[in-house]
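The values are calculated or read from the model by the stated rules, or taken from the named source; none is laboratory data. All figures in this text were calculated on a predicted structure; none of them were measured in a lab. Cβ placement follows ideal geometry from the backbone for every residue including glycine, while neighbour counts extend to all protein chains displayed. Protein only, heavy atoms only, side chains kept; ligands, DNA and RNA dropped before computing areas. Shrake-Rupley method; radii C 1.70, N 1.55, O 1.52, S 1.80 Å.
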Amino acid sequence: PDLLRAFWQAVEKVSVLDPTCGSGAFLFAALRILETLYSDCLERMERFIEDADHAAPSTPEDQVRALIAAGESATVEFKASARWDTREKTYNPGMEDVIVKTVAGFMNGHGGTLLIGVNDNGVIRGLEEDYKRTRKDNPTSDQFELWLTKHLMSKLGPETKPYFHIDFVSFDEDEV
């Protein structure tokens, strides 16, 4: 939509002037034939841009809700936790490797979004248990982000840092 919007803004103001067309007979014949096609195409471009503006989630929370509603795919993955085994109710360092493998898979493909703190069925469970495993005296999203960044860089290499980004979105008491 952004590319189309830029094209539309440029084309919207275009007028045709061809001093080499002589009497203009060819130009007028071409315009008569193509006028309908041009106007239909321009109208559809305008509607597409308007639809994209109205359909785009407006807040980070809306964006995450839209991702959850669409479900997991080749570019979206849900993980209930990065460090806490929800079945065994205990810290499990093996969970950390699952996060690394998911991020590596996205990096080797076409990119993607990993939502940590969301069950496979799309239920938001939050990051509270992960925060507690990151730093007991100060369990915050900042500490978790620091741990996750260092962990990913240690497993994938420091040169990968520009290729992943960590954000937090709050839902009532829970963060994703």
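Pull up the DSSP beta bridges for the chain and report the antiparallel fraction as a percent, rounded to 5.
55
Could you rank Tyr91, Tyr163, Tyr38 by how accessible they are, 1.4 Å probe, largest area first?
Tyr163, Tyr38, Tyr91
Please give the charge dipole size of the stretch 90-176, origin at the Cα centre, charges +1 on K and R Cβ atoms and -1 on D and E Cβ atoms. Round to the nearest 20 debye.
420
How large, in percent, is the carbon and sulfur part of the accessible surface of the chain at a probe radius of 1.4 Å?
That share works out to 54 percent.
Top to bottom by accessible area (1.4 Å), largest first, where do Leu114, Leu146, Leu3 land?
Ranking Leu114, Leu146, Leu3 by accessible area, largest first, yields Leu3, Leu146, Leu114.
Take the chain, mark every one of the trypsin sites (Lys or Arg not before Pro) that falls in a DSSP loop and has at most 14 other Cβ within 10 Å, then report the longest stretch left between them, sites excluded.
The segment 14-86 is the longest one with no such site.
When only alpha-carbon atoms are used, what values of Rg and Dmax, in angstrom, describe the chain?
In Å, with Rg to one decimal and Dmax whole: 25.0, 84.
Between Ser39, Ser73, Ser81, which gets the highest mean-square fluctuation from a Gaussian network model of the chain, Cα cutoff 10 Å?
Ser39
Taking the chain as a Gaussian network, Cα atoms linked when under 10 Å apart, which of Phe106, Phe48, Phe26 shows the biggest mean-square fluctuation?
Maximum among the listed residues: Phe26.
Given a 1.4 angstrom probe, what's the average accessible area per residue across the chain, in square angstrom?
Normalised by residue count, the accessible surface of the chain is 67 Å².
Just check the stretch 134-176 against the gyration tensor rule for me: Cα atoms, a ≥ b ≥ c as the square roots of the eigenvalues, rounded for a/c under 1.5, and otherwise prolate or oblate depending on whether a/b exceeds b/c.
Oblate.
By how many nm would the segment from Glu50 to Thr113 grow when fully extended, if each residue of separation counts as 0.36 nm and the alpha-carbon distance is taken off?
Difference between extended and current length: 20.1 nm.
Using a basic spin-label model with each label point 7 Å from the Cα along Cα→Cβ, how many nm lie between Asp2 and Thr86?
3.2
How about the stretch 61-109: which GluC sites (Glu not before Pro) there are in a DSSP loop, with at most 12 other Cβ atoms within 10 Å of their Cβ?
In loop regions of the stretch 61-109 (DSSP not H, G, I, E or B), the sparsely surrounded GluC sites (Glu not before Pro) are Glu88.
Place a +1 charge on the Cβ of each Lys and Arg in the chain and a -1 charge on the Cβ of each Asp and Glu, then give the dipole magnitude about the Cα centre in debye, rounded to the nearest 20.
Using only the charged Cβ atoms, the result is roughly 600 debye.
For the stretch 93-176, take N as its residue count and report Rg(C-alpha) divided by 2.2 N^0.38 Å.
Normalised Cα radius of gyration, the stretch 93-176: 1.09.
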